[in-house]
Amino acid sequence: MDLCRKYAPRLLSDLRGQPDVVSKLKGFVSRPHGRAFLFSGGSGVGKTAAAWALARELNPGLDERNVRIGTTELSSGCQDAESVRELVSRFAYRPIVGRASVLILNEAESMHPKAREVWLDALERLPSHSVVVFTTNNPDSFEARFQDRCAHYRFQDTRPSLLTPIRTLANDIWRAEVGTSKCPLSADELCPHGSAPSFRRAVRRVEEAIQGMAA
């Protein structure tokens, strides 16, 4: 059982706790063009999930297999200048399927300085069918000229803003998996005081509770 994968958002409307980001991305989907995004916020708040949801909505009508053909997800820490140049050269070609090629670069703050320099030039001339999403927990690590080349969307990542969406998700999963309407885990178990809120961690807690019932 992998409830994180099973209940991951599929489309932008499935994202929880991020109404401003969802609204802006839906506006982009209605008029897509070559664009770079910087998604910032704490771990587990939906940045990578939002990037995949964006990829699906930019390529409507494609099944999951074909969406994944046109979407690449990488960790930025493994990139050097040459690997970035190779990725950029691939962007010159239109996708085999769908209307947009999407590149998701996680942990962008760990990018090698030389790789970042190559991106600074490449982001000035993205093809109309190419979308790049950088995700980061630390947007302040990016100089202004990098941020100026991206649409910077800050994800909600505080306990007051995400506690209700996290509890709602836990209840929805509990209802679907167990059959009762309310998850018995407390707010502090799902979203502990003193720690950053995380949908991923909350779903893991729900999964552990369900497994404990079956033991």
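Residues of region 168-215 that are among the aromatic types (Phe, Trp, Tyr) and under 20 Å from GLY41 (Cα atoms): PHE199 alone. Just one of (1) without any contact (Cβ under 8 Å) to a residue 60 or more places away in the chain; (2) surrounded by fewer than 20 Cβ atoms within 10 Å (Cβ to Cβ) fails for VAL22. It is (2). Cβ-Cβ distances below 8 Å connect the following pairs, each with a first residue in region 1-19 that is over 18 Å from ARG167 (Cβ atoms), a second residue that is buried (at least 18 other Cβ atoms within 10 Å of the Cβ) and of a type in the set (Lys, Arg), and a separation of six or more residues or different chains: ARG10/ARG56; LEU11/ARG56. Of the residues making up region 10-33, those that are under 16 Å from VAL133 (Cβ atoms), at pLDDT 95 or above and part of a loop (DSSP other than H, G, I, E, B) are LEU11, LEU15, GLN18. Residues that are of a type in the set (Asp, Glu) and either on the phi > 0 side of the Ramachandran plot or surrounded by fewer than 19 Cβ atoms within 10 Å (Cβ to Cβ) (or both) number at least 1 in the following helices (runs of 4 or more DSSP H) confined to region 114-215: 159-177, 187-190, 199-214. For region 60-111, a residue qualifies if it is surrounded by 16 or more Cβ atoms within 10 Å (Cβ to Cβ), at positive phi and among the small types (Gly, Ala, Ser), and exactly one does: GLY98. Is it true that some residue in region 182-190 is at pLDDT 95 or above, closer than 23 Å to ARG56 by Cβ and charged (D, E, K, R)? For region 182-190, residues at pLDDT 95 or above, closer than 23 Å to ARG56 by Cβ and charged (D, E, K, R): absent.
Do we have GLU117 as charged (D, E, K, R) and touching a helix residue (DSSP H, G or I) at 6+ places or on another chain (Cβ under 9 Å) here? Considered against the rule, which asks whether it is charged (D, E, K, R) and touching a helix residue (DSSP H, G or I) at 6+ places or on another chain (Cβ under 9 Å), GLU117 comes out as yes. For region 85-95, the criterion of being assigned by TED's automatic domain parsing to the domain that holds GLN147, at pLDDT 95 or above and not in a helix (DSSP H, G or I) is met by no residue.
The values are calculated or read from the model by the stated rules, or taken from the named source; none is laboratory data. Given the structure is predicted, the values throughout are model-derived calculations rather than measurements. No Cβ is skipped: glycine too gets one built from the backbone with ideal geometry, and neighbour counts run over all protein chains shown.
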